[in-house]
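Data block below; observations after.
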Amino acid sequence: MGLLNSYSQIFFSKNKILGILLLLVSFFDFWTGLGGLLAVLVSNQTAIWFKFNKLNVEKGLYGFNSLLVGLGTGIMFQPSLASLFLLIVLAIFTLFVTLTIEGVFTKYGLPYISIPFILVMWTANLAMSDLWYIGVSQRGIYFYNELYALGGQNFVDFYNWISSFQTPASLRIYFLSLGAILFQFNELAGIIIAIALLFSSRIAFTLSLVGFYVAYLFYQLLGVNFSELSYTYIGFNYILTAIAIGGFFFVPSRWSYLWLLLLLPITVILTFGLSKFFSYYQLSIYSLPFNITVLLFVYVMKLRTQTRNELVEPIEQRNAPEENLYFHKNVSERFPSAFYLPVYLPFLGEWTVSQAHAGEHTHKGEWQHAWDFVITDNEGKQFQNKGDFATDYFCYNKPIVASADGIVAELVDGIADNIIGDINTINNWGNSLVIKHSDYLYSQISHLKQGSFKVKKGEFVRKGQMLATCGNSGRSPYPHLHFQFQATPFIGSKTFFYPFAHLIKKENKYLELKTLFNPQQDERLQNVASNNLLLQAFHFIPGQVLKFNTVKNGSELLFEKVDDFSKIIENEWEIRTSIYNVSYFYCKKTNSSAFFKNDELLFQFINFEGNKNSALYFFYLAFYKVQLGFYNGLTIEDKLPQNNLFSQKRMIFQDFVAPFYLFLKAQYKLNYLSVDDEFSPEEIKLKSEILSFSFNKKIKQISFEITININGIRSFLMK
């Protein structure tokens, strides 16, 4: 794995087919290819012997610089025992340089790209005149002889046939520049690399053309003869710059493409200037312009005080522009902040928003981000009788709870409730408390009932713990609860926007799960509660094994859980934890993984990798998002990443235009159908659906009927 990834890493990829084709292309010059292969093997094996980061070895991160050095050494020197020994030394030297630069650059969050290759090759170039026993290679002069040696007359004829096509000069130089990345200075190598790049990533292929031709147009603008690149082969700097900035270190978007219009001319200027400087020392600049442009831009973007949506780094590096894009869009919509501290509603049962942010009466200016909550009946009334007394109001004296864990930072008690219609402007906030949830997140609850406090200042409280009861103190003409988020521990601090983590919104008879939600005027809300049956069914721990058998009936597939392990097991999944502490199901049979998170209120899948015809994939679709409480009639909706649902055939065109427009969309729906007993349930029925759309037209629907009982997930039927 580390071998092929070392080749594909040259284009920031992990695609095995790309790695294989690059490996084969490197052998167009046999000794060059052999030099690259040996260098990777020596470098990776040395890293394993010395117990360096095994994951980086497998990803090819410790091998691709050695590969480039091996290719460069292979074409620079004549084959001999002395040159073989030199290659081994340089491969190990490159590994050590890579590790050293990695240690320095990591402190600043920067990649080392191909800096180790450049430094080692410069060292070899400068030492070349003193290496008496290692002859300088003359290969490349008799290119047809080398082609004949590689594949005979048929291969020579094939090359001539390819060369006979009347291709534009710029396209010919594009292919030469691609081939030069692997030290292969012919068009055929570039054509094969372009095809491999197209196969592995449509976005990377498009960016390679964008990078090359933006530089080409800039050459034309400056009046420089672009055909000189056919002799210097330096055009690969523009190709790699475009792929790195446009699709790897930043999520592909129209903004990453637009930035290339500035960055590629900078790379061109660097190419001119550095070539003049290093020619004095008879050194090639190799990929130095590309490295400087990318490192400068990545570093400068890290200095932004606020990251805008226009140009963002991948949430998780997937080593493929398409996966970076689809994964980023899906995760950023479903989980807007990886560092969000979940906070919930500060009451029990169903309440109504009587005043939201920037309200009609109060919540103005620096205090606009606040809510007032009351309890209403089915007719929308807040009170019984005539509402002349505080006790007539449904919310009066109802328990108020902590919205999240924290410490009581401030508490004021002793202010009497107002007569209905009157207000206390002297003690504006009334009886209040402030809870510190983190260093810069506090919640304030106001207008509480005098003498109802169950906690003291400085006390640690748990989410859901009773704090006091709702009253009518302070600037409160009728009983209600005031709630706000603030950054300081003082009562009456200015507010800031912060959403509630999860809640249930009721509209007429329909229930809807809302995540990271900002409640609006007149919305009826309640906290999410867990159901013990669902909670236990989705409580998966590392080492646990789930076993399902499949029964096919026409177009339907029934997946039934197996409790009798003496039976033949068709599908077996183990719960594991990644090095990033993310839990996932792993199917050894299909080498598939489904990553998930569970906060005991919501079970959600994050991503799927592997076989899309496996039972685990259908399990991923069926249980994509499950709220672990039963609410009859509740509907949950969510979005799936395009690359995890649509076929490769459909995704081809989508990949090309994905940075600009997503016309393929996938929606998930879950309905809570029935429960046999609300207080002591033994069986729950759910139904989930996957809806596929192309240009907003539904093209496919998959449904799952789910049964959960006291033994967990009993079965799911796919239709």
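The values are calculated or read from the model by the stated rules, or taken from the named source; none is laboratory data. Since the model is a prediction, treat every value here as computed from it, not as a measurement. Cβ: placed from backbone, ideal geometry, glycine included. Neighbour counts: every protein chain shown.
Of the residues making up the stretch 376-393, those that are surrounded by fewer than 20 Cβ atoms within 10 Å (Cβ to Cβ) and at negative phi are 376, 377, 378, 379, 381, 382, 384, 386, 388, 389, 391, 392. Cβ-Cβ distances below 7 Å connect the following pairs, each with a first residue in the stretch 460-488 that is β-branched (Val, Ile, Thr), a second residue that is crowded, with 24+ Cβ neighbours inside 10 Å and assigned to a loop (DSSP other than H, G, I, E, B), and a separation of six or more residues or different chains: 461/402; 469/449. Taking the criterion of being in contact (Cβ under 8 Å) with a residue 40 or more places away in the chain and crowded, with 16+ Cβ neighbours inside 10 Å, the residues of the stretch 364-375 that qualify are 367, 368, 369, 370, 371, 372, 373, 374. Taking the numbered list (1) over 30 Å from residue 599 (Cβ atoms); (2) in contact (Cβ under 8 Å) with a residue 40 or more places away in the chain; (3) crowded, with 18+ Cβ neighbours inside 10 Å in turn, residue 421 passes all entries but (3).
Please verify whether residue 323 is within 10 Å of the chain's Cα centre (by Cα) and of a type in the set (Asp, Glu), treating the condition exactly as stated.
Here the answer is yes, as residue 323 does meet what is asked.
Screening residue 40 with (1) of a type in the set (A, V, I, L, M); (2) surrounded by fewer than 24 Cβ atoms within 10 Å (Cβ to Cβ); (3) under 20 Å from residue 85 (Cα atoms) gives one miss only, at (2). The sole residue among 401, 408 that is β-branched (Val, Ile, Thr), touching a residue at least 24 places away in the same chain (Cβ under 8 Å) and over 21 Å from residue 353 (Cβ atoms) is 408. Inspection of the stretch 547-566 finds no residue satisfying the criterion of being part of a loop (DSSP other than H, G, I, E, B), under 18 Å from the mean Cα position of the chain (by Cα), over 30 Å from residue 527 (Cβ atoms) and free of Cβ contacts under 8 Å to residues at least 40 places away in the same chain.
Exactly one residue out of 615, 622 is closer than 18 Å to residue 334 by Cβ and of a type in the set (Gly, Ala, Ser): that is 622. Out of 713, 636, one residue alone is modelled with pLDDT under 95 and either in a helix (DSSP H, G or I) or out of contact with any helix residue (DSSP H, G or I) (no Cβ under 6 Å at 6 or more places or on another chain) (or both). It is 636. Taken together, the residues in the stretch 24-40 that are in a helix (DSSP H, G or I) and farther than 16 Å from residue 91 by Cβ amount to 3.
Scoring residue 428 on the criteria (1) modelled with pLDDT of 95 or more; (2) out of contact with any helix residue (DSSP H, G or I) (no Cβ under 7 Å at 6 or more places or on another chain) leaves a single failure, condition (1). Counting the residues of the stretch 296-348 that are part of a helix (DSSP H, G or I) and either buried (at least 19 other Cβ atoms within 10 Å of the Cβ) or acidic (Asp, Glu) (or both) gives 12.
Give me the residue from the stretch 288-317 that is charged (D, E, K, R) and touching a residue at least 60 places away in the same chain (Cβ under 8 Å) and, out of that set, nearest to residue 201 (Cα to Cα). Across the stretch 288-317, the extreme among qualifying residues is 313. Restricted to the stretch 41-132, the set of helices (runs of 4 or more DSSP H) holding at least 3 residues that are at pLDDT 95 or above comprises 64-76, 81-105, 115-127.
Restricting the stretch 639-658 to residues that are part of a loop (DSSP other than H, G, I, E, B) and in contact with a helix residue (DSSP H, G or I) (Cβ under 6 Å, 6 or more places away or on another chain), the residue that is surrounded by the fewest Cβ atoms within 10 Å (Cβ to Cβ) is 641.
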